[in-house]
Structure formats: C-alpha cells, structure tokens
1. Does segment 4-16 contain at least one residue that is under 30 Å from Gly120 (Cβ atoms), under 16 Å from the mean Cα position of the chain (by Cα) and either small (Gly, Ala, Ser) or open to solvent by 80 Å² or more (accessible area, probe 1.4 Å) (or both)?
2. Go through segment 29-129 and tell me which strands (runs of 3 or more DSSP E), entirely inside it, have 3 or more residues that are loosely packed, with under 11 Cβ neighbours inside 10 Å.
3. When you look at Ala58, is it farther than 16 Å from His20 by Cα, small (Gly, Ala, Ser) and more than 21 Å from the chain's Cα centre (by Cα), yes or no?
4. Conditions first: (1) without any contact (Cβ under 8 Å) to a residue 24 or more places away in the chain; (2) over 19 Å from Asp106 (Cβ atoms); (3) not in a strand (DSSP E or B). Val21 passes all but one, so which condition is the exception?
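The values are calculated or read from the model by the stated rules, or taken from the named source; none is laboratory data. Quantities reported herein were computed from a predicted structural model and do not represent experimental measurements. Note: ideal-geometry Cβ built from the backbone for every residue, glycine included; neighbour counts use all protein chains shown. With ligands, DNA and RNA removed, areas are computed over all heavy atoms of the protein, side chains included. Shrake-Rupley method; radii C 1.70, N 1.55, O 1.52, S 1.80 Å.
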Amino acid sequence: EDNVDGDGQAINYIFDKTFHVSPFMGMDYLYDWTFFKPTKDIRVTTNMMQSGVKCFNATFKITKQLFTPLRLCWQLLRLPIFCAIIQVWIHIEAFKLFAKGVTFIDHPEGAETSVSKAIGAIMAPFFAA
C-alpha cells in the first residue's frame, strides 16, 4: 500500500515483512515506512506493526551539509570507524536480549545465505538448549 499525504510532504509505504533481519523478531509483522520530503533535513521513519500494535520504531534524520574536499576526507576517515562501532553496539544489544531469554528465531526455510549459515554454525553451541 502506497500513500502520499494530503500536502505531498511525505510518502508512506505499508507492506508485509518478507526479509529476515533480526533473530529476535519473527516474520509476522507489517512494515510501515514514511519518507518525508527533503528540506534542510532528510528524514525517514519506520514502524513494525503486529496485529495492529506498534512493536518497534526507528527514525533516521540527517541535515544537509555543503560538500567539500575536506568534508569528504573527514567522512572517509570517520565512517569505517563508525560502522565498526555500530556492529559492536548491535551485538552488545543482541547479547542483552539473549541474556534476558528472548526467543531466538532462525531464518525462515530457504531464506538463509551461505554467510548466515556459516555464522549460524559458529553460534549454534551458544544457543543449544
């Protein structure tokens, strides 16, 4: 389902979840994405709905900046470090969920890639019942 709000300031897409992202969330969700018309900021929000109830929300917002060679060099240095920090942070949060006893949900049949199968094989001993 695609919708544009009345004044054309946002586009909303609502669709079934078909891509397995988190091992702590099943496939029985509806995605609700809203892309706002760019101004000085670029903003996107997403909600995950289950049986009409919002279970997850995330917002992405950045501010436009002038593109200069110096800014490009800074981003090329900063982004790999930032990506590594995010990976560590994601795994710390996943460990917290695991420690709380949140159910681990494997990939749906046929959806696994060879990389996810390899990671699964390595992690299997940690999730043995």
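1. Within segment 4-16, one or more residues are under 30 Å from Gly120 (Cβ atoms), under 16 Å from the mean Cα position of the chain (by Cα) and either small (Gly, Ala, Ser) or open to solvent by 80 Å² or more (accessible area, probe 1.4 Å) (or both).
2. 53-63
3. no
4. For Val21, the failing item is (2).
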